[in-house]
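**Q** If you scroll down you'll find the structure; I have some questions about it.
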Amino acid sequence: MQVDIKSLSIKPLRNTFDQVARFTGSEKSASRYLEATIGVQPEINFHYQPLWSKNRSIYDKDNTVIVMNDWYRLLDPRQYYYGAWTIARSKQQDAAERNFSFVEKRNMLASLPTDLREKIISVFVPIRHMEYAANLNNTYMSAYGYGVSITQAASMCAMDRLGIAQYITRIGLMLDGNSGDALKTSKAAWQNNPAWQPIRQLTENMLTTQDWFELFVAQNLVLDGLMYPLMYQSFSDLTSVSGQTSFAMMTEFMSEWFDEHVRWVDSVIKVAAAESDSNNVQIGKWIQKWLPQILQALQPLAQEALGEAAQAGLDAAVAQLSARTTKSGIN
Amino acid sequence: MEQAKKMNMKEKYNAMTGDLAWDFSYKTEAEIFPLSDFEGIKIEDWSKWQDPFRLTMDAYWKYQGEKERKLYAVIDAFGQNNAHLGVTDARYINALKIFLTAVTPLEYGAHRGFAMTGRAFPGVGAQVASQMQSIDELRHAQTQLHTISQYNKYFDGLHDPFHMFDRVWYLSVPKSYFEDALSAGPFEFITAISFSFEYVLTNLLFMPFMSGAAYNGDMATVNFGFSAQSDESRHMTLGLEVIKFMLEQHPDNLPIIQRWIDKYFWRGYRLLGIVGMMMDYMLPKRVMSWKEGWEMYFEQNGKMLFDDLARYGITMPKFWEQSVEEKEHLTHQLWLTFYSYGHAAAFHTWIPDDSELDWLSEKYPNTFDKYYRPRLVYLREQEKLGKRFYNPSLPQLCQTCQIPMVYTDPKNPTKRVYRETIYNGDRFHFCSDACKEIFEHEPEKMSQAWLPPHQIFQGNCGGATIPDVLKHYHFTENDGGEFLHSRDNANWNLWKGLTPDEEAA
């Protein structure tokens with residue numbers, strides 16, 4: 001049957017779901033992001049005490065000491081729901097794919113000086129293990145965090161980190177002609193090389209951190225905030241000094257990703273800190289707790305990676321991070 | 001430099017996943033994965049985990065990104081073309097109401113549950129498989145919301161699904177089912193959801209809704225169904241992989257897993273009763289009867305699956321025979337229950353027309369004319385006399401499945417099944433031997449259930465009268481009750497230019 005819509009004036013009864021209208025305070029149509037996000041997680045009337053915790057509910061605000069009147073306020077400035085996220089990433093992986101095949105086709109890695117190749121294997125490729133830990137940490141935030149605004153973004157971040165660990169693995173495989181030797185060497189460095197031990201120890205400590213928001217601060221704000229500038233800016237610059245562009249090309253995904261990651265992380269920190277003085281103080285305390293440890297642990301690594309430029313690289317990373325936290329309103 | 005041997009696909013995938021982990025030395029594995037052994041499941045070697053898909057993230061993004069582009073193109077077109085007018089008739093929308101309030105929240109629950117297992121399991125393969133399913137389940141919850149968003153603009157009962165999920169009496173059936181799994185350990189969760197639900201029962205959830213959508217002109221939901229299909233087949237494969245992996249790891253795992261299979265088969269089956277009711281009563285164009293669905297998807301396909309698992313010592317889920325004995329009664333009893341409590345539901349109920357009653361007689365030759373058709377005809381006559389029947393009391397619920405205690409004994413179809421047990425001095429009631437046994441195995445946990453009628457009587461649901469409670473649920477006067485008198489029906493007739501007589505014809 002053909003519906004003659006011209007003769008019908010069909011007025012909607014409502015423009016969006018009630019949970020979204022309550023959140024925005026408006027009866028108007030809402031974005032796909034808000035309809036996919038607001039109010040989706042169960043909040044009350046849980047049936048059973050979890051066997052995995054004596055004093056927490058399945059979803060529990062007390063899984064962190066941070067207090068929010070409305071956890072949904074921790075919105076993602078990228079407005080990522082699953083569809084928007086996966087479409088954005090599919091474009092980025094397309095670009096990454098082109099970069100990798102460009103490097104491969106022109107055999108660009110063959111012209112890599114031996115010392116640079118070895119350096120990439122010993123100081124860069126082991127980061128795949130740190131990215132794996134970042135994947136687990138963000139999965140933890142996604143599992144035990146509160147409110148879809150932050151937990152879905154953490155979940156996407158977790159998958160991003162797995163993707164990044166896999167891109168780094170691929171670089172490792174390209175460096176040794178798919179034999180796996182570079183991965184073995186780099187893993188041995190991560191496991192045993194003294195330069196890596198302080199940061200490996202911190203990584204393992206993070207994996208046992210209980211408060212998910214503290215983990216967010218330690219991993220996504222502080223560790224990433226120092227490690228990414230160090231590797232994808234300072235170290236990347238160093239690799240291109242001798243006219244080598246292959247490293248920068250193969251890590252374009254990561255440096256682009258980090259710019260976007262920063263927008264999300266800073267926005268979460270800003271909104272949580274603006275909620276109350278106690279949140280602000282608590283976030284500040286966590287930064288004070290993790291920053292010096294991470295910085296110290298990165299020293300030997302920066303030394304290996306950057307040589308005499310190590311201190312300048314670390315200083316630049318710290319300056320970037322502190323500019324970000326100041327901008328987010330952390331006292 | 002000597003060219004080393006190249007890695008094969010399997011080795012390469014391991015480099016992309018399993019090899020990312022390392023030997024912890026500053027913390028112990030028990031500190032990093034503290035939830036991995038309290039359930040008694042013994043895993044000797046996580047590296048034996050075989051991922052059947054070997055899907056890396058770049059490939060995942062590529063495939064999923066393509067699917068999302070297509071899906072949202074259709075959703076956009078659907079909205080622009082007033083395509084909600086293309087469904088068979090407005091009664092169909094009530095199936096979507098059940099889907100959005102009862103199923104979409106479970107997709108979200110699965111997203112969080114698989115995030116938990118994705119962090120809890122010590123093996124990278126199992127972590128990655130869980131995490132991918134976790135993010136897929138987020139996809140399903142969100143694409144369902146976006147698809148049904150258009151219907152919410154024009155029909156009642158869809159406007160506040162998550163508020164309702166946390167509170168409404170019949171939605172405690174899916175909520176408690178899923179929370180049973182979420183509040184368990186990671187191995188029980190994955191057995192419950194990946195295997196018992198995704199593998200054994202998911203066809204009976206997916207097929208009725210998605211084929212129902214196709215038969216009834218709901219192209220948006222069909223589109224979602226097609227798009228989710230490849231995710232679902234990955235999830236089903238994971239379900240089987242999980243079970244085989246656990247069983248192969250240690251013989252002590254068998255009895256634990258068998259008990260979980262028994263429990264979640266039965267709880268999942270009880271939950272699917274609502275889907276069965278939808279199949280038999282709510283779709284204006286029917287796909288197949290509940291009985292036919294159960295025969296095809298459980299009695300035949302399910303049996304084959306369990307035959308295949310026999311070599312591991314797994315047997316058919318306990319009480320499965322009961323589900324077969326009930327198949328000619330289940331949906332009729334449930335529809336009559338919801339019809340009676342139609343004033344307290346967020347979807348409409350009605351008595352099928354004559355041709356639909358004939359269809360039911362044909363599909364249920366042994367029971368329908370004898371036990372149910374006369375009641376339905378009587379209720380229809382009463383409605384015509386202006387005496388639409390509503391039950392003003394609150395139903396007594398089964399402590400385990402939380403469905404009202406309405407099911408009868410198939411051997412004696414006019415006698416209801418009442419089972420009870422005493423725990424800590426309190427008496428608990430059950431609809432079946434299976435629900436009773438599930439309780440008796442875990443009385444401390446199952447006795448905690450948040451039973452809506454009890455909560456109403458205790459004053460925790462907005463007040464002492466039905467209108468107070470409905471307000472607490474955020475139901476409007478248009479959400480429930482008789483379909484014939486509903487705003488949905490009136491609007492539909494208006495939009496389609498039909499008079500009520502034409503509509504009925």
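**Q** Quick one: which residue in B:Met7, B:Met57 is closer than 16 Å to B:Gln127 by Cα and facing another protein chain (nearest Cβ under 10 Å)?
**A** Matching residue, one of B:Met7, B:Met57: B:Met57.
**Q** So which residues in the range B:26-36 are of a type outside the set (Phe, Trp, Tyr) and either within 7 Å of chain A (Cβ to nearest Cβ) or touching a helix residue (DSSP H, G or I) at 6+ places or on another chain (Cβ under 8 Å) (or both), if there are any at all?
**A** B:Lys27, B:Glu31, B:Ile32, B:Leu35, B:Ser36 - these are the residues of the range B:26-36 that are of a type outside the set (Phe, Trp, Tyr) and either within 7 Å of chain A (Cβ to nearest Cβ) or touching a helix residue (DSSP H, G or I) at 6+ places or on another chain (Cβ under 8 Å) (or both).
**Q** Something else now. List the residue pairs whose Cβ atoms are under 8 Å apart, where the first residue sits in the range B:194-217 and is surrounded by fewer than 20 Cβ atoms within 10 Å (Cβ to Cβ), the second is part of a helix (DSSP H, G or I) and of a type in the set (Lys, Arg), and the two are 6 or more positions apart or on different chains.
**A** Here the result reads none, with nothing in the range B:194-217 linked to a residue that is part of a helix (DSSP H, G or I) and of a type in the set (Lys, Arg).
**Q** So for the range B:362-378 (the condition being at pLDDT below 95 and not β-branched (Val, Ile, Thr)), does at least one residue qualify?
**A** No: the range B:362-378 contains no residue that is at pLDDT below 95 and not β-branched (Val, Ile, Thr).
**Q** Given the options B:Ile274, B:Ile261, B:Ile243, name the one that is surrounded by 19 or more Cβ atoms within 10 Å (Cβ to Cβ) and more than 22 Å from B:Cys435 (Cα to Cα).
**A** It is B:Ile243.
**Q** B:Ala21 - would you say it is surrounded by fewer than 16 Cβ atoms within 10 Å (Cβ to Cβ) and facing another protein chain (nearest Cβ under 9 Å)?
**A** no
So that you can scan it fast, the table gives a plain yes or no per residue for (1) at pLDDT below 95; (2) more than 16 Å from the chain's Cα centre (by Cα); (3) of a type in the set (Asp, Glu):
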site	(1), (2), (3)
B:His159	no, yes, no
B:Leu171	no, no, no
B:Tyr177	no, no, no
B:Phe189	no, no, no
B:Val200	yes, no, no
B:Asn203	yes, no, no
B:Phe209	yes, no, no
B:Thr221	yes, yes, no
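**Q** If you take the residues of the range B:357-369 that are free of Cβ contacts under 8 Å to residues at least 12 places away in the same chain and part of a helix (DSSP H, G or I), which of them is nearest to B:Met288 (Cα to Cα)?
**A** The selected residue is B:Glu362.
**Q** Here is a list of conditions, (1) without any contact (Cβ under 8 Å) to a residue 24 or more places away in the chain; (2) in contact with a His (Cβ under 9 Å, 6 or more places away or on another chain), and A:Asp224 meets all of them except one; can you say which number that is?
**A** (1)
**Q** Given (1) assigned to a helix (DSSP H, G or I); (2) within 19 Å of B:Glu39 (Cβ to Cβ); (3) β-branched (Val, Ile, Thr), where does B:Val275 come up short, assuming only one miss?
**A** It is condition (2) that B:Val275 fails.
**Q** Among the residues of the range A:128-151, is there at least one that is in contact with a Lys or Arg (Cβ under 9 Å, 6 or more places away or on another chain), within 30 Å of A:Ser57 (Cβ to Cβ), charged (D, E, K, R) and not in a loop (DSSP other than H, G, I, E, B)?
**A** no
**Q** Quick check on the range A:172-195: of everything there that is closer than 30 Å to B:Ser134 by Cβ and buried (at least 23 other Cβ atoms within 10 Å of the Cβ), which residue is nearest to the other protein chains (Cβ to nearest Cβ)?
**A** In this case the residue turns out to be A:Leu183.
**Q** I'm checking my understanding of the structure. Among residues of the range B:144-160 that are in a helix (DSSP H, G or I) and facing chain A (nearest Cβ under 7 Å), which one is surrounded by the most Cβ atoms within 10 Å (Cβ to Cβ)?
**A** Filtering first and then ranking leaves B:Asn152.
**Q** Restricting to helices (runs of 4 or more DSSP H) lying wholly in the range A:32-125: which have 2 or more residues that are within 10 Å of another protein chain (Cβ to nearest Cβ) and at pLDDT 95 or above?
**A** Once the helices (runs of 4 or more DSSP H) in the range A:32-125 are filtered for at least 2 residues that are within 10 Å of another protein chain (Cβ to nearest Cβ) and at pLDDT 95 or above, what remains is A:32-37, A:82-105.
**Q** Let me ask you something else. B:Val417 is checked against (1) surrounded by fewer than 18 Cβ atoms within 10 Å (Cβ to Cβ); (2) free of Cβ contacts under 8 Å to residues at least 60 places away in the same chain and fails just one. What number does that condition carry?
**A** Tallying (1) surrounded by fewer than 18 Cβ atoms within 10 Å (Cβ to Cβ); (2) free of Cβ contacts under 8 Å to residues at least 60 places away in the same chain, B:Val417 fails exactly one: (1).
**Q** Within the range B:321-330, is even one residue in contact with a Phe, Trp or Tyr (Cβ under 7 Å, 6 or more places away or on another chain), of a type in the set (Lys, Arg) and free of Cβ contacts under 8 Å to residues at least 60 places away in the same chain?
**A** Among the residues of the range B:321-330, at least one is in contact with a Phe, Trp or Tyr (Cβ under 7 Å, 6 or more places away or on another chain), of a type in the set (Lys, Arg) and free of Cβ contacts under 8 Å to residues at least 60 places away in the same chain, which makes the answer yes.
**Q** Which residues, taken from the range B:121-141, are more than 22 Å from A:Ser149 (Cα to Cα), surrounded by 24 or more Cβ atoms within 10 Å (Cβ to Cβ) and either within 9 Å of chain A (Cβ to nearest Cβ) or touching a Ser or Thr at 6+ places or on another chain (Cβ under 6 Å) (or both)?
**A** Across the range B:121-141, the qualifying residues are B:Gln127, B:Val128.
**Q** Then there's this: Can you tell me which residue in the range A:104-132 is surrounded by the most Cβ atoms within 10 Å (Cβ to Cβ), limited to those that are more than 27 Å from the chain's Cα centre (by Cα) and of a type in the set (Lys, Arg)?
**A** Among those that are more than 27 Å from the chain's Cα centre (by Cα) and of a type in the set (Lys, Arg), it is A:Arg106.
The values are calculated or read from the model by the stated rules, or taken from the named source; none is laboratory data. The shown structure was predicted, so the numbers you read here are calculated from the model rather than taken from an experiment. Every residue, glycine among them, receives a Cβ derived from its backbone with ideal geometry; neighbour counts consider all protein chains shown.
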